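Below you'll find the structure, written out as C-alpha cells, and then a few comments.
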Number of protein chains: 4
Amino acid sequence: MKKLKVGILAATGSVGQRFVEHLIDHPWFEIGALTGSSRTAGRPYGEGVHWLLDGDVPAEVADMIVQSTKPNLDVDLIFSALPTSEALETEAAFAAAGYPVLTNASPYRMHDQVPLLIPEVNPQHTQLIPHQQEVQGWDGFIVANANCSTTSIVLPLKILQDIFGLQSAVVTTMQAISGAGYPGVSSMDIIDNIVPYIKNEDKKLESEPRKIMGKFSGGLIDFAPVKISAQANRVPVIDGHMGSVSAKLGQKVSVEEVIDCLEHWQGPEILRELPTTPKPALIYRWEPDRPQPKLDRMAGHGLAWTVGKVRECPVLDIRFMCIAHNTLRGAASGSVLNAELLVKQGYIPHPAVKTIKKPVAAD
Amino acid sequence: MKKLKVGILAATGSVGQRFVEHLIDHPWFEIGALTGSSRTAGRPYGEGVHWLLDGDVPAEVADMIVQSTKPNLDVDLIFSALPTSEALETEAAFAAAGYPVLTNASPYRMHDQVPLLIPEVNPQHTQLIPHQQEVQGWDGFIVANANCSTTSIVLPLKILQDIFGLQSAVVTTMQAISGAGYPGVSSMDIIDNIVPYIKNEDKKLESEPRKIMGKFSGGLIDFAPVKISAQANRVPVIDGHMGSVSAKLGQKVSVEEVIDCLEHWQGPEILRELPTTPKPALIYRWEPDRPQPKLDRMAGHGLAWTVGKVRECPVLDIRFMCIAHNTLRGAASGSVLNAELLVKQGYIPHPAVKTIKKPVAAD
Amino acid sequence: MKKLKVGILAATGSVGQRFVEHLIDHPWFEIGALTGSSRTAGRPYGEGVHWLLDGDVPAEVADMIVQSTKPNLDVDLIFSALPTSEALETEAAFAAAGYPVLTNASPYRMHDQVPLLIPEVNPQHTQLIPHQQEVQGWDGFIVANANCSTTSIVLPLKILQDIFGLQSAVVTTMQAISGAGYPGVSSMDIIDNIVPYIKNEDKKLESEPRKIMGKFSGGLIDFAPVKISAQANRVPVIDGHMGSVSAKLGQKVSVEEVIDCLEHWQGPEILRELPTTPKPALIYRWEPDRPQPKLDRMAGHGLAWTVGKVRECPVLDIRFMCIAHNTLRGAASGSVLNAELLVKQGYIPHPAVKTIKKPVAAD
Amino acid sequence: MKKLKVGILAATGSVGQRFVEHLIDHPWFEIGALTGSSRTAGRPYGEGVHWLLDGDVPAEVADMIVQSTKPNLDVDLIFSALPTSEALETEAAFAAAGYPVLTNASPYRMHDQVPLLIPEVNPQHTQLIPHQQEVQGWDGFIVANANCSTTSIVLPLKILQDIFGLQSAVVTTMQAISGAGYPGVSSMDIIDNIVPYIKNEDKKLESEPRKIMGKFSGGLIDFAPVKISAQANRVPVIDGHMGSVSAKLGQKVSVEEVIDCLEHWQGPEILRELPTTPKPALIYRWEPDRPQPKLDRMAGHGLAWTVGKVRECPVLDIRFMCIAHNTLRGAASGSVLNAELLVKQGYIPHPAVKTIKKPVAAD
C-alpha cells in the first residue's frame, strides 16, 4: 500500500524522537523528512540526535540527512514538535504553503479557527478547518494537540459531561519529568522532591478542556461552561501524568453509575477505523491503588487513559484518579492519531484509505 | 536544672528513633527508658536498632539496655511509637498505671475523651484530660498526635476557619515514604512511580481535622462542621508531606487578605513559653514554586509549616499548597511539643517549670 | 506445532512473573502449571499474584488455578523460581520424579554435577547431565542459571579468556533493586543512596564465573584459573546490573583488538537455532557514556549484553563497562534460553524440534 | 575577635552557596564581598541567587549587593567558585593584585607551583607558595582544591602509602549529581539510571592523587610513583561521592593491620588548631553495609571521610569502600579548611591567630 510522506519538524528533540519511534512501520505514513536547527541540519539524523528512548536510533532514519525547517519539504503532511518560540511563525508558513500541520506546540491551541483535537473527545471539531483556510487564506491548515496535562484529564471529564453534565472540577496533577523535554528538569530540583509549579500549566489546564469539550456551532467552538481549578506539580516520575480530580456534576448520580459509564464507554465510531486507536481507549481499574504511572502509562501502547478510584466526593459530587502517557498520548502519538482521523475524514487525502463522508458525529 | 525522665515505647522503630534524636539535649526531658519487642529487649539499644537517621546512634543511648514494654518503667512520662495493633491495650495499661502517655498511634485519636493535640491549633483541648481520667478511672492519661498527613494541612485550615470561617476543603496529598515506617514502602513500588493509596489515610484526613478544629464544650469536643474530601498519594520523596488544598470559606475574601492572615498569624501565647516551639510556626513563601519538600521540610527544625501559592480557586474560594515534616512535626517532635505544653499547663508536673494557671485560650 | 508443557514453580514471585511474561506465545513451550505457596495455592493466578510488570496479568493465565509445589504436575519440564530455602529439597524431588528442572535458585549452582549454564558461554557443560543422573539416580535432572550479577560480566570475560587468556579481574558492580525481588529493598534504604552490600554476592561473583568459564573434562568441570575480586553495590536503578571491570590478560593486546573481538564475536553455532537467542548477543557501544541501564538493558529483548568503554587499564591490562538485564537475561529469560538449548541438544525431547546430534562445541 | 574579610567569586552558583553557608558564623572569617556575573551583579544576593540549599538565603547576606568579579574587592582573601573557563585568567589577576586565592576550579590544580592542598594529606605543600610568588611575580598567590572525586579517595590512599607503601589502585567511583553543579545533570538522564562518564574525571582521578601524595622537594612536588586506574560513574544520589578501591601495597599486610591504621590515624598536629577540622577526620565503619552516601556524607559536618569494608583483594592486596561529601569536603568546606591552614601557617596574616612557625611536617 502506498503511504503518505510525513515531515517531522524539530525531529531531534524529545517529542520529535517519539514521532520517529511511532512512525517507523506506520501503515499509512512514512517518514519523508526530518528537520532540525542549524546545529543538526545537514548531518545524518543518527549523528545529530541525542537519543533518549530505549535502544538505538532506528536504522530506517539513522542516515537520513536532517533538513532546515523550511516549507519546501517533499512531504504530504507535517508533524511539528517545534518549541513555542518558533511555532507561531513557522507553522503558519507551512500551512500557507499548503501542508496540513499537526502541531504539539501551544501557540495555536486556543486560536478560534484551530481545532484542539483529541479524536476520542471532539472529532467533529475538524469542521473548523475549511473556515480556518478561508479566513487565513491558507491552502494547508493547522490542527493542534492539547497540552499533555490537559489530555490526561479531559477524556473522563468529557464522558461525565456527556452523560451527567459537568459543572466544575478541582484538579491536582502530578506530572512526569519528560513533559519538560530535554534537558528539562534538573536532577537537583526533582530527586527527593516535588515542584508545585509548571509555567503556564494551570492556565492551560483550566482553559483547554473548555475548548475541547465545547460545541462546534456556526463555524466556531462554543466553550463548555465548566469551571476548572488546577494545581500542577512536577514529581520524580519519568513518564505519565496523573490527575487527582473532584467534579461537580449536573445531576445526582451514584458511584456505580459513573463507573459503569466509564467502563462501557465506546468512543466515536470513526475511531475504530484508525490504525493507532487503542482498544479500549479508556481502562477502568477496580484496584484501590490504581492507576499508577509505572504500571498504567503504557496501556494501549501508551495511547489509552486509565481511570480508577471513582468515589463520592464529600465536597463536590465525584472524585477519581486518572493517568495518560504524556509524551505518547499527550504528544507525539496523539498527534499521529489526529492525522489518522483527518485522513479518514478526508481532510488529508490518502489514495488507499476510504473516507467516511457523513458528518462524523452529531454534536 | 532537673529534668523529667521519659520512656520511649517501641524506641527502635523509625518514629522511635526520631524521639531519641529529638530528646538528646532536651532542656526539660531526659531519656530514662527505651522499650522494644522481644527481639531487642535485653540488648543494648545501639545493637538492637537498625539506625535510619544521619550518622550514628547517639552515644548517650547506645549502651542503654532496651526494656520490655511494660508499665513498670522508672520514668515520669511516656512517648509511644507503638504500632496500631499493640497501642490500644498497652497504652491504656500505662495510663492506668499513672503515666502520662503521649502517643503517635491511631487507636485513641478519635476517642471522645482523648485530646487530639497540636499546640498551635487546639491547646485548650487538654481540658479533656480530667474528664478522661474520671471516666476511665486512670491516674495517668493519654494524649494523641494527629496523623502526619492531617497535621500537614490542619494549621492553615484552622487559621482560615478562625478568621473567615471554613465550610469545606478538597485535598490531594503527596506523602513521603518515611510516613510508612521501615521497611515500609518497597523500592519496587515507588521509584519512578506514584501510588494513589495509603490505607485508611483518606478517612483520617477527612475526620481528624474536624476533631482538632472542634470546640471544647461541656467536657466534649464539638466537631467542626467542615467537609473534607481527601485523595492521598505516596510519592518518591523521603520526608515531607505536601498538601494541595482548595477551600470554601464562610465569606468572600481576597487573596491578599488570606496571605496577610497567614503571614502575620501568631499562635496561642502559651507557645512562646515552650522550648521546642518553632518561630515562626508558619512560614508563608511568596515564590511561585514553593513550598517544596526538599527545601521546606526542615523549616523550624522540622516543626514549622510552610504554605505558599495562595490563589483564588475558580471552583471553591481559595487554594494553596502546604507542607510539614511528617516524622518530625507530624510525629515525634510534635509529640514532644505536646508534652511541653502539658508541662506548661500543669498536667505533667515539672519541678523547674512554672505553669500557666489561667485557661490557656478562649475557645 | 505441538508445544511442550512447562510448570513454573513459585510463579507468583518477581522472577516467576518474568517466566510467565516470557512464556506467553513461546514457539516451543506453553504454560501447563503454575505453583505457589499455601497462601496462593487453590486460587486463580490473577487473584493470588501481586503483579509487578507493566500492564495486567496476561489473560492466558489469569484464571489458571495455582497448584501446590509438588512433583505431580502434568508438564514436560520445570522452571523454578523457588527461594533458596526451598530449592534444595524441592528441586531434587522434581528431578527424581523425572522432570528436567531449570532453576534460578542458588543451591545447585556450584554442585559438581550440575551445569551452571549460559548458552552463549558454555553450552557443552550440559554433558554433565548423564553423569548427574547416574550419580544421583534421577530420571530427570537439574540445570542452573548463574546469579544475575555473575551473568552480567561473564560473557565479555569468557570472550577475553578464549582469545587472549584471562588471569584476573577486579569488578565493581552497580546492581538494580529488582535483583532483590519483592518487596526486596526498602525505599528508605535506597532512594538517594547506595548500599555497598548484597549478601553473599561478592562470593558468587568470585566463584561462579570460574565454573562457567571452566572446561568440561572427564565428567567434571575444571574451574578456570581466574582470580576475581568483586565489590557489589545496590543502586537506585530498577532493572539492569552494571559491571565496572579491569582485567589482566594472558598477553599484551591493544584496545582495538579487544574491541574488534567483542564486536565481531559470534556465539556457538547452535545458538542460531534457538528461538529466543538475541541477535547479536553482545553489543559493543562506541559512545563514551555507554552502556547505561536505562538505555541498554532491553537490548535484544533483555537478553543481550552491552559492553562499552574498552580502554587500557593503567594497573591491569584492559578495562570496560558492561550490563545485562538482571531479571531477564540474568534470570527468567536466561532460563528459558537454557531450556531451548536443552531441547536442541536432545536432553529435553520435543516432538517438533530437530536435535543437533554432534558434540555442540569443542571445548 | 576581629575577623578577616573574605570575597566569594561566583557566589551565586552551587559551590558559591556552600561557601556562603559555611562562612556564616565562621570564627576567623566574615563575608565581605560576593561576586557574580553580569546577570546578578548590582542586585541584592537574595534576589540574584537560585538558592539550592535547605531553607532560605541566610539573612546576613540576603541584602548584600553582588559585585562584579574584579580584583578591587575590599577583602583579605578570596574563595573562588569560578567556572573553569573564567578561572585561569581571573584568578591570576587576583593573585597578581595581592589576594590569597583559594580556588575550587581546575586550571591551576596541576600547575607546578600551585599547592593542590588537603590539610589532612599534604599541609607541607604550601611551601610552594613563596616559589610561586617569585616565579609569577605575584604579591598574592593561588592554592587549589582537589577535584571532589579525587578528594573522596585520596586520604585513605595516603594513609596506606605512608604506612605500607602504595603501588597502584583500581578505582570505580559512584558520584553524586551535585558534583555537576546546577542545573547540571538532567533528570531525564539519571533517574533510574547510571551514566558511566564524567568529562575528564577519570584523568583527574588518575593524576591529582599522584601530586597530592607527592613529596615537596627543592621547590617542587615529586609526584608519587602510584598508578591509578579510574572509572567514574554518575549515580542518582544527591550528595556524596563513593569510591570502590582495590590497592596494591608495598608490602604484605593483614586486613587487621590496615583497619587498625585507619581507625587510629591521627592527622598532622597542626590540624587540631583549625576551627573547622573534623574530629576525627576519618571514620572507620565496621558494619558490612557501610559506608553509604545518605548515612555517612554528613559525618564531621560533611568534612570527614568514612571508610569501610576493608578486605583482602584476591587480585591486588587490599580493597575497601570510601566516601566523602563532594560539595562540602570536596569543594567549599575543604577550601575554607585550606584557608584556615594558611592562616595558621602564617601565609595569610590574621591579627588574632597565633601562627606555628616551625616547619609544619617532616616530609
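Quick notes on this one:
- Amide H contacts under 5 Å for C:SER80: C:LEU9, C:LEU102, C:THR103, C:ASN104, restricted to partners 5 or more places along the chain or on a different chain, H placed in the peptide plane at 1.01 Å from N.
- Taking other Cβ atoms within 10 Å as a rough exposure proxy, D:ASP76, C:ASP260 sort from fewest to most as C:ASP260, D:ASP76.
- Calculated [222 nm] ellipticity per residue, helices only, for chain C: -8000 deg cm²/dmol; basis is -39500 (n - 2.57) per DSSP H run with n ≥ 4, divided by all residues, nearest 500.
- Rotation relating B and C, chain C residue nearest the axis via C-beta, angstrom: C:SER187, 2
- Candidates A:GLY137, A:GLY46, A:GLY267: whichever shows maximal mean-square fluctuation once chain A is modelled as a Gaussian network with Cα springs under 10 Å: A:GLY137
- Taking the alpha carbon gyration tensor of segment D:29-95, multiplying each eigenvalue by 5 and rooting it gives semi-axes of 21, 14, 12 Å, largest first.
- Building the convex hull from the alpha-carbon atoms of chain D and averaging its projection over directions returns 17.5 nm².
- Order by protection proxy (mean Cβ within 10 Å, highest first), peptides A:327-339, A:88-100, C:57-69: A:327-339, A:88-100, C:57-69
- Projected label distance in nm at A:ILE24 and B:LYS5, using a 7 Å step from Cα toward the beta-carbon: 7.2 nm
- Other-copy label distances relative to A:LYS70, 7 angstrom Cα-Cβ extension, nm: 4.5, 7.9, 9.1
- Label point distance in nm, D:ASP112-C:HIS111, each placed 7 Å from Cα along Cα→Cβ: 6.9 nm
- Couplings 3J(HN,Hα) for segment B:322-331, derived from phi with the Karplus relation 6.51 cos²θ - 1.76 cosθ + 1.60 (θ = phi - 60°), are 8, 8, 8, 6, 6, 8, 9, 4, x, 8 Hz, where x marks Gly and Pro.
- Subtracting the Cα-Cα distance of D:LYS354 and D:ASN72 from their residue separation scaled by 0.36 nm leaves 98.7 nm.
- Filter on D:LYS211/D:LYS344; D:LYS252/D:LYS309; C:LYS158/D:LYS203; D:LYS279/D:LYS344 - keep pairs with C-alpha separation over 21 Å: D:LYS211/D:LYS344; C:LYS158/D:LYS203
- With a cut-off of 14 Å between beta carbons, the residues surrounding D:VAL226 carry a summed charge of +1, where Lys and Arg count +1 and Asp and Glu -1.
- Label-point distances for C:GLY165 to the equivalent site in the other copies, using a point 7 angstrom along Cα→C-beta, read 2.6, 8.8, 9.2 nm when ranked shortest first.
- Averaged over the residues of peptide C:163-172, the number of Cβ atoms from other protein chains lying within 10 Å of each residue's Cβ is 4.
- 3J(HN,Hα) along segment C:247-256, derived from phi through the Karplus expression 6.51 cos²θ - 1.76 cosθ + 1.60 where θ = phi - 60°, amounts to 10, 9, 9, x, 7, 6, 7, 8, 4, 4 Hz, with x in place of Gly and Pro.
- In chain A, a dipole from Cβ-located charges (positive for Lys and Arg, negative for Asp and Glu) runs towards its positive end, and of A:ALA339, A:SER168, A:TYR197 it is A:SER168 whose Cα lies farthest in that direction.
- Highest-MSF residue in chain C out of C:PRO130, C:PRO314, C:PRO115 [GNM, Cα springs under 10 Å]: C:PRO314
- Kirkwood Rh, Cα atoms: Rg over Rh of segment D:284-340: 1.09
- D:GLN231 long-range amide H proximity, modeled H, under 5 Å: D:VAL171, D:THR172, D:THR173
- In segment D:148-324, Cα pairs under 8 Å separated by at least six residues give a relative contact order of 27 percent.
- Spin-label pair A:PHE223-B:ASP139: with each label point 7 Å from Cα along the Cα-Cβ axis, the two points sit 7.0 nm from one another.
- Gaussian network model of chain A, Cα within-10 Å springs - most flexible of A:ALA41, A:ALA144, A:ALA169: A:ALA41
- With R₀ fixed at 41 Å, the C-beta to C-beta distance from B:ALA93 to A:GLU312 puts the FRET efficiency at about 0.55.
- Partners for A:LYS215 among aspartates and glutamates (Cα-Cα distance below 12 Å; same-chain residues under 8 apart left out): A:ASP162, A:ASP363
- Computed FRET value (nearest 0.05) for D:LYS199 with A:LYS252, which takes r as the C-beta separation and R₀ as 56 Å: 0.35
- With a 10 Å cut-off around each Cβ of D:80-92, the average count of Cβ atoms from other chains is 0.
- J(HN,Hα) series, segment D:21-36, from Karplus relation 6.51 cos²θ - 1.76 cosθ + 1.60, nearest Hz, glycine and proline x: 4, 6, 8, 4, 6, 6, x, 10, 10, 9, 6, x, 7, 10, 10, x
- Three-way shape label, segment A:85-180, alpha-carbon gyration tensor, a/c 1.5: oblate
- Percent of Cα pairs exceeding the 59 Å cut-off, where the set is the protein assembly as shown: 22 percent
- With R₀ fixed at 51 Å, the C-beta to C-beta distance from A:GLN266 to B:GLN167 puts the FRET efficiency at about 0.85.
- When both bridge partners sit in the protein assembly as shown, DSSP labels roughly 45% of those beta bridges antiparallel.
- Residue by residue along C:239-246, Cβ atoms of other protein chains within 10 Å of the local Cβ number 4 on average.
- Debye-sum result for segment D:148-324 in log10 I(q)/I(0), which assumes one identical scatterer on each alpha carbon, at q = 0.08, 0.11, 0.12 Å⁻¹: -0.25, -0.47, -0.56
- Pairs of Cα atoms farther than 21 Å apart, segment D:1-123, %: 37 percent
- As a size descriptor, the averaged projected area of the C-alpha convex hull of segment D:223-322 was calculated at 8.0 nm².
Values quoted throughout were computed directly from the atomic coordinates according to the rules given, and no laboratory measurement underlies them. A quick note: this is a predicted structure, and the numbers were derived from the prediction, not measured. Please note: Cβ atoms are built from the backbone with ideal geometry, for glycine as well, and neighbour counts cover all protein chains shown.
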